[in-house]
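A short worksheet on the structure shown next.
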Amino acid sequence: MTEQTTETDQHPLRVAIVGSGPSGFYAAGHLLSQAGRPIEVDVFDRLPTPWGLVRGGVAPDHPKIKSVTRVYEKTAAKEGFRFFGNVEVGSDVSHDELASWYDAVIYASGTSGDKKSGIAGEDLPGSLSATEFVGWYNAHPDFRDLDPDLSPKRAVVIGNGNVAIDCARMLTLTHDELAVTDIADHALELLDAAGVEEIVVLGRRGPEQAAFTNPELLELGELADADVIVDPADLEIPDELRQDDLDATARKNVEILREYAERQPSGKRKRIVLRFLTSPVELLGDGKVEQVRLVRNELVRDERGGLRARPTDQEELIEAGLVLRAIGYTGFAIPGVPFNEGTGLIPHDGDGRVVHDGAPVPGLYTAGWIKRGPSGVIGTNKKCAQETVDALLADFAGKESTPPVDTDDVAKILGERVSDLVDYAGWELIDAHEKGLGEPHGRPRVKLTLVDEMVRIAAQQEPAAR
């Protein structure tokens, strides 16, 4: 009688996940929750810290959103999970190596690059991307030295999504509102001394097309130190241009905007002006941004019946010394991984299987923003990641797993190659250290901004003499 191999006798299905943000952790959680076949998951991140945009993108005054990390902590506690922080795929380790070490590789690396508007003067000092500004106030190591000039009285924010609202709101919050958050210390100091009194938020299209979520838009009306200004004329939509298929979020947004338009300013110290059908066409200034040339747009039907913004001949020039660009994100190519330069995303078949020349690449998958683009809220990544993992599991159903490199050998290779490798226990030391710094001041944490300091804490080394 021939002895049969049971599922528990199988070699574990070994999966590498590149990126430890929401989509990466949701993918890991879904993999490790599978019954039957054993699965091992190694998560890689170029920073010593996990959580991706939850740590580096969610606004400091939104602690409830950040509480989702409790779910990720449960995933990290599961058997078969490992974290390799401070490891950059494409530099410290190649994609080809990962593909040879693991049965499958999931790229959940996000879209950390910002999109350019392409207008004249965009590179003048005083013109920043939302990526830079958000990373700066969230203590991201890449942007700790940004040092934006916040002295101008008027700022312009280009974009009509939640990131644009976050940028506008952060410029209005009081010291007391920010001092109890995990905002970067350098940002707290600079925002406290900021001279910005008016923030103009520009939307290329109309109010019905704005991409705000309802809670974010409603939050503006509750600010302690800023009035919200909406011109009623901006909300007048010709019948032939109304969208009959508006979803519930868009309908509610229009209701909120109408309520703001009816409000009388209460004389608060700052103002957020929401403008629609307006685009910047040029940034002007002598060595720095001093003015923004705007054009008025009109909505027109395209050949498919959709609505697009078309510039008119109505222009105006406004004074502004700070311009924040929040018009989208793009991903970065990783050597050896298919990449669409046009979309800034990893091409896939719709379920997360990475494709090259129209055919799926065996063992290669993608999830999150680098898969579908920067859209949705944090929870949207859960369904996206599960879709990808389901495709992966279907592909490996009934297949034997025999990676050529032992799981311990992977850790050994990385440890020899990356001297300042941070594992999950190291991250927990960083986490505890930051929380300890924040506790005396009633703050959830004081974030470290230097990678070297994070690595030292993770290695439990004593600080060097200063």
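The values are calculated or read from the model by the stated rules, or taken from the named source; none is laboratory data. None of the values given here were measured: they were computed from a predicted structure. So basically every Cβ, Gly included, is an ideal-geometry build from the backbone, and we count neighbours across all protein chains shown.
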Matching entry among Gly267, Gly285 (being more than 26 Å from the chain's Cα centre (by Cα) and either buried (at least 16 other Cβ atoms within 10 Å of the Cβ) or at pLDDT 95 or above (or both)): Gly285
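Within region 137-150, does at least one residue satisfy the condition of being of a type in the set (S, T, N, Q) and under 30 Å from Pro265 (Cβ atoms)? Give the derivation first.
Step one: list which residues in region 137-150 are of a type in the set (S, T, N, Q), which gives 138.
Pick out the ones that are also under 30 Å from Pro265 (Cβ atoms) and you get none.
For region 137-150, residues of a type in the set (S, T, N, Q) and under 30 Å from Pro265 (Cβ atoms): absent.
Go through region 353-371 and count every residue that is surrounded by 16 or more Cβ atoms within 10 Å (Cβ to Cβ) and over 25 Å from Ala164 (Cβ atoms).
Going through region 353-371 one residue at a time, the tally reaches 10.
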Some residue of region 63-70 being modelled with pLDDT of 95 or more and buried (at least 21 other Cβ atoms within 10 Å of the Cβ): no
Some residue of region 435-454 being of a type in the set (Val, Ile, Thr), more than 25 Å from the chain's Cα centre (by Cα) and at pLDDT 95 or above: no
Failed item, numbered, when Ser401 is tested on (1) modelled with pLDDT under 95; (2) small (Gly, Ala, Ser); (3) not assigned by TED's automatic domain parsing to the domain that holds Ala104: (3)
First in region 441-455 and of a type in the set (Lys, Arg), second anywhere and surrounded by fewer than 18 Cβ atoms within 10 Å (Cβ to Cβ) and assigned to a loop (DSSP other than H, G, I, E, B), Cβ under 9 Å, 6 or more apart: Arg443/Ala179; Arg443/Val180
Failed item, numbered, when Ala104 is tested on (1) of a type in the set (Gly, Ala, Ser); (2) in contact with a strand residue (DSSP E or B) (Cβ under 8 Å, 6 or more places away or on another chain); (3) within 30 Å of Asp185 (Cβ to Cβ): (3)
Which numbered condition Arg445 fails, given (1) outside the structural domain of Gly336 (by TED's automatic domain parsing); (2) touching a helix residue (DSSP H, G or I) at 6+ places or on another chain (Cβ under 9 Å); (3) closer than 21 Å to Val89 by Cα; (4) charged (D, E, K, R): (3)
Filter result for the condition that a residue is touching a Leu at 6+ places or on another chain (Cβ under 7 Å) and in the same structural domain as Gly80 (by TED's automatic domain parsing), over Ile370, Ile346: Ile370
Residue in region 428-444 that is part of a loop (DSSP other than H, G, I, E, B), crowded, with 17+ Cβ neighbours inside 10 Å and in contact with a strand residue (DSSP E or B) (Cβ under 7 Å, 6 or more places away or on another chain) present: no
Answer residue from region 293-342, given it is polar (S, T, N, Q) and at pLDDT 95 or above and is surrounded by the most Cβ atoms within 10 Å (Cβ to Cβ) among those: Asn297
Where a residue in region 277-291 is closer than 14 Å to Pro152 by Cα and its partner, wherever it lies, is surrounded by fewer than 18 Cβ atoms within 10 Å (Cβ to Cβ), with Cβ under 6 Å and at least six apart: Gly285/Leu124; Lys288/Leu124; Lys288/Pro125; Val289/Leu124; Gln291/Leu284; Gln291/Leu317; Gln291/Glu319
Among residues of region 62-77, those that are without any contact (Cβ under 8 Å) to a residue 12 or more places away in the chain and either touching a helix residue (DSSP H, G or I) at 6+ places or on another chain (Cβ under 8 Å) or of a type outside the set (Asp, Glu) (or both), counted: 5
Unmet requirement for Asn381, which otherwise passes all of (1) in a loop (DSSP other than H, G, I, E, B); (2) surrounded by 14 or more Cβ atoms within 10 Å (Cβ to Cβ): (1)
Total residues in region 224-263, condition crowded, with 16+ Cβ neighbours inside 10 Å, touching a helix residue (DSSP H, G or I) at 6+ places or on another chain (Cβ under 7 Å), more than 16 Å from Arg205 (Cβ to Cβ) and of a type in the set (A, V, I, L, M, F, W, C): 3
Qualifying residue in region 24-35 (condition: surrounded by fewer than 23 Cβ atoms within 10 Å (Cβ to Cβ), touching a Gly at 6+ places or on another chain (Cβ under 8 Å) and modelled with pLDDT of 95 or more): yes
Filter result (under 21 Å from the mean Cα position of the chain (by Cα) and among the small types (Gly, Ala, Ser)) within region 324-369: Ala326, Gly328, Gly331, Ala333, Gly342, Gly344, Gly352, Ala367, Gly368
Criterion (surrounded by 14 or more Cβ atoms within 10 Å (Cβ to Cβ) and assigned to a loop (DSSP other than H, G, I, E, B)) met by exactly one of Pro374, Pro404: Pro374
Yes/no for Val389 being touching a residue at least 40 places away in the same chain (Cβ under 8 Å) and more than 30 Å from Val455 (Cα to Cα): yes
